[in-house]
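The values are calculated or read from the model by the stated rules, or taken from the named source; none is laboratory data. Please read these numbers as outputs of a predicted model, since none were measured by experiment. Positions of Cβ are generated from backbone atoms using ideal geometry, with glycine treated the same way; all protein chains shown enter the neighbour counts.
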Amino acid sequence: MSELNQISKSKLHGLWALTNRELKKWYKAPVVFVLTLVQPVLWLGLLGNALNFSNLVSAGSITFPPDLASQFTVAQLSALNQFFQGLSSQILTGAFGTTSYISFMAVGMIAFTALFTTMFSGMSVVWDRRLGFLNKALSTPVSRAVIILSKVFSATLRSMFQAGIILLIAVPLGFEFGPSFNPLNLLGVFAILFLICMGLSSMFIAINIRSTRIETPMAVVNLLNLPLTFASNAFFPIDRMPSWLQAVASVNPMSYTIDGCRQLLIFNTNYMQLAWDFAIVGIFAAIVTTIGIVLSWRFLNK
Amino acid sequence: MGEDVIKAEGLTKVFNHSLVAVDHIDFSVKQGEVFGFLGPNGAGKTTTINMLITILKPTEGEASVLGYSIAREANAVRNIIGVVPQEYTADEDLTGYENILLCADLYGISREISEKRAADLLNLVEMTAFKDKKVQTYSGGMRRRLELACGLVNRPKVLFLDEPTLGLDVQTRTATWEYIRTLKKEFGMTLFMTTHYLEEADSLCDRIAIIDHGKIVVVGSPEELKHGLGGDLITLAIKENEDVTGLIQKVEHVKEVRKEDGTYRIKAEFGEVTTPFIIEALRRKGYTVTKLTLTEPTLNEVYLEYTGRSLRDTEESGEAVFAQRMTVRRARR
């Protein structure tokens, strides 16, 4: 009798079990696992090179026409060449804050892989509902908050893992760390990613837990995907956008997440800006996580 | 015996302020009993079980499990009950063993105890050989046994089974009944089950409640319910060409005698006891019985008597239909 029916002491029992259940679906399925690793390589390798804006202004692409070149001495030509090289790196630094576009965009990619993984993995809640697992879990003494949090955590952990992989892959592809980078900054990157993933996954779970059809969350994801991606600083700097788009991008929490990551990884860190990024993302995460968890909670206690 | 394990008083669930799914029902389930809930689709079976297992809150009324209120002491209830849902809820991507451990974790049972328990339960449902295979490779019967093992992981005092044999073939269904009988006998567990299969209710349940339109229409043991219909039907013929209606009528427990084309159709209570008395009464007066059949009413007739014969075209949610389809499809693998 004594060992049975013990009312569990911890309110959080089952949290790791449920989180790990989600994660196992991923790391124990070799095909899925490999695909999640291949996807960022494709993105970085293809998109990163296809959209390489630095090639547009690179001095290496400038050859002087012969009649123009004959008017200058060799020394003058090399000085001119240096001038254009300086100019192009000025343009790049002015626009992207770095001369390496692939570094600029790799950080955007890190944040977006996190976003997509969060959005899609939140869908498992629809299956849990349709297949009865949710009801089964609700009939056990596991806390309702734990059921929701396990979904949030598994989505968050998975996203952060993928973000780390992209960073690893980006280095051999030409990723350049900023002058003020030190390995501890990586902790900051994971911290800000953790915040945004918590917020977004809570929001998606609150939406998904109500839908009985897998199509509904798919439609929501597709609707939000594009504006969140392109109305942000992921691929293009905000201050070079038309002013109406700047307004959209500056309320997009992804912009702050990405800027925070860039401050830590590739820029010469501006700590004021970094603190601001963390504050915005932190507030966003706190509000959205609370709303998401409260909504899910109310649904589960119907 | 005698102690009420489950008690419901005026239990009611109204969805969206208008749809009355369960309408002020009262019943009690006694210690060690197998209690069956029967009823057509949409009658309120699943809503009732969902309230008792604390995943739905009653709109009105009260129910308790072993004295704990399902509304106010839900966590205490959850700790002492086991649930075997209608659907196959085991995770396809995990092994049977991992699934049982996962269920144990949901009850906050320490790994030390749960590993031992999982081994015992796998043994009980004869699944030890397949414990490290992924659930996606399991047949319907194996899945059902795994669900049963998961439902027992917290050593529940009361086990709730929602349509435990939905979609299973006859062999697997019979085997599942055996497990249920074992549970009742060896662990003295109280069982609450819903079912569509009347022969299942007849062979497993000590008492049955028939529910329709959210109300309990009748409660009793299968025997009582069948007798309630007016007893067994005896048909007999005699060699002599005389009317013995009056003679048969005098035998104890005979309720009604009709003569049709030379055979007597007799409605009597306790048919297997009454029949010899009828034969004896006829023989003593020198009559010879040439033909005799005894038919006991089946639960089918009881069920149709109380719920009517009209087809039910109640609307069901797409979600419920999908879940049932998935269950049946997986059961047939």
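Candidates in region A:263-302 are the residues that are more than 14 Å from every other protein chain (Cβ to nearest Cβ) and closer than 30 Å to B:Ile53 by Cβ; of these, the one that is nearest to the chain's Cα centre (by Cα) is A:Thr289. Going by the conditions given, is A:Lys151 among the basic types (Lys, Arg) and either within 9 Å of another protein chain (Cβ to nearest Cβ) or on the phi > 0 side of the Ramachandran plot (or both)? No.
If we scan region A:235-248, do we find a residue that is touching a Phe, Trp or Tyr at 6+ places or on another chain (Cβ under 9 Å), more than 27 Å from B:Lys57 (Cβ to Cβ), in the same structural domain as A:Thr117 (by TED's automatic domain parsing) and crowded, with 21+ Cβ neighbours inside 10 Å? No, the conditions are met nowhere in region A:235-248. The one condition from (1) modelled with pLDDT of 75 or more; (2) within 14 Å of chain B (Cβ to nearest Cβ) that A:Leu35 does not meet is (2). On inspection, B:Gly67 qualifies as within 27 Å of B:Gly10 (Cβ to Cβ), surrounded by fewer than 19 Cβ atoms within 10 Å (Cβ to Cβ) and more than 8 Å from chain A (Cβ to nearest Cβ). Tell me which residues, restricted to region B:101-129, are under 29 Å from the mean Cα position of the chain (by Cα) and either farther than 18 Å from A:Thr19 by Cβ or outside the structural domain of B:Arg144 (by TED's automatic domain parsing) (or both). Listed by number, the residues that qualify are B:Arg117, B:Ala118, B:Ala119, B:Asp120, B:Leu121, B:Leu122, B:Asn123, B:Leu124, B:Val125, B:Glu126, B:Met127, B:Thr128. Suppose we filter region A:253-302 for residues that are of a type in the set (D, E, K, R) and farther than 20 Å from A:Val125 by Cα; how many remain? Result for region A:253-302: 3.
For region B:248-297, the set of residues classified as outside any helix (DSSP H, G or I) and small (Gly, Ala, Ser) consists of B:Gly262, B:Ala268, B:Gly286, listed by residue number. A count restricted to region B:42-90 and to residues that are of a type in the set (A, V, I, L, M, F, W, C) and in a loop (DSSP other than H, G, I, E, B) stands at 8. Could you tell me whether any residue of region B:119-128 is at the interface with another protein chain (Cβ under 10 Å from one of its Cβ atoms), surrounded by fewer than 24 Cβ atoms within 10 Å (Cβ to Cβ), within 21 Å of B:Leu166 (Cα to Cα) and at pLDDT below 95? Checking region B:119-128: not a single residue is at the interface with another protein chain (Cβ under 10 Å from one of its Cβ atoms), surrounded by fewer than 24 Cβ atoms within 10 Å (Cβ to Cβ), within 21 Å of B:Leu166 (Cα to Cα) and at pLDDT below 95. Being touching a helix residue (DSSP H, G or I) at 6+ places or on another chain (Cβ under 6 Å), facing chain A (nearest Cβ under 7 Å) and either among the polar types (S, T, N, Q) or farther than 18 Å from A:Gly132 by Cα (or both) is a property that holds for B:Thr89.
Among all positions in region B:187-210, there is at least one residue which is closer than 22 Å to B:Gly44 by Cβ, touching a helix residue (DSSP H, G or I) at 6+ places or on another chain (Cβ under 8 Å) and of a type in the set (Asp, Glu).
The residues on offer are B:Asn75, B:Asn79, and the sole one that is among the polar types (S, T, N, Q), at the interface with another protein chain (Cβ under 7 Å from one of its Cβ atoms) and over 30 Å from B:Val20 (Cβ atoms) is B:Asn79. Scoring B:Ile210 on the criteria (1) surrounded by fewer than 23 Cβ atoms within 10 Å (Cβ to Cβ); (2) under 30 Å from B:Val254 (Cα atoms); (3) touching a residue at least 24 places away in the same chain (Cβ under 8 Å) leaves a single failure, condition (1).
Tallying residues that are of a type in the set (D, E, K, R) and in contact with a Phe, Trp or Tyr (Cβ under 7 Å, 6 or more places away or on another chain) within region A:200-224 yields 1.
With at pLDDT 85 or above and farther than 22 Å from A:Pro253 by Cβ as the only criterion, which of A:Phe194, A:Phe175 stands out?
Matching residue, one of A:Phe194, A:Phe175: A:Phe175.
Quick grid of which residues meet (1) more than 23 Å from B:Met326 (Cα to Cα); (2) touching a strand residue (DSSP E or B) at 6+ places or on another chain (Cβ under 9 Å):
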site: B:Asp132; (1), (2): yes, yes
site: B:Val135; (1), (2): no, yes
site: B:Ser139; (1), (2): no, no
site: B:Met142; (1), (2): no, no
site: B:Leu152; (1), (2): yes, yes
site: B:Glu163; (1), (2): no, yes
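Among the residues making up region A:19-31, those that are in a helix (DSSP H, G or I), over 14 Å from A:Gly122 (Cβ atoms) and either in contact with a strand residue (DSSP E or B) (Cβ under 7 Å, 6 or more places away or on another chain) or facing another protein chain (nearest Cβ under 10 Å) (or both) are A:Asn20, A:Arg21, A:Lys24.
Based on this model, can you work out whether B:Val14 counts as surrounded by 22 or more Cβ atoms within 10 Å (Cβ to Cβ) and either among the aliphatic types (A, V, I, L, M) or not in a strand (DSSP E or B) (or both)? Criteria not met by B:Val14. If you go through region A:261-279 and keep only what is surrounded by 19 or more Cβ atoms within 10 Å (Cβ to Cβ) and not in a loop (DSSP other than H, G, I, E, B), you end up with A:Cys261, A:Arg262, A:Gln263, A:Leu264, A:Leu265, A:Leu274, A:Asp277.
Residue under question is A:Asn233, and the condition is that it be within 15 Å of the chain's Cα centre (by Cα), at pLDDT below 90, more than 18 Å from A:Thr117 (Cβ to Cβ) and not hydrophobic (A, V, I, L, M, F, W, C); does it hold? Yes: the conditions hold for A:Asn233.
For region A:200-255, give me each residue that is among the small types (Gly, Ala, Ser), within 20 Å of A:Leu274 (Cα to Cα) and in contact (Cβ under 8 Å) with a residue 40 or more places away in the chain. A:Ser232, A:Ala234 - these are the residues of region A:200-255 that are among the small types (Gly, Ala, Ser), within 20 Å of A:Leu274 (Cα to Cα) and in contact (Cβ under 8 Å) with a residue 40 or more places away in the chain.
Among residues belonging to region B:129-147 that are assigned to a helix (DSSP H, G or I) and more than 14 Å from every other protein chain (Cβ to nearest Cβ), point out the one that is surrounded by the fewest Cβ atoms within 10 Å (Cβ to Cβ). Among those residues, the one meeting the criterion is B:Ala129.
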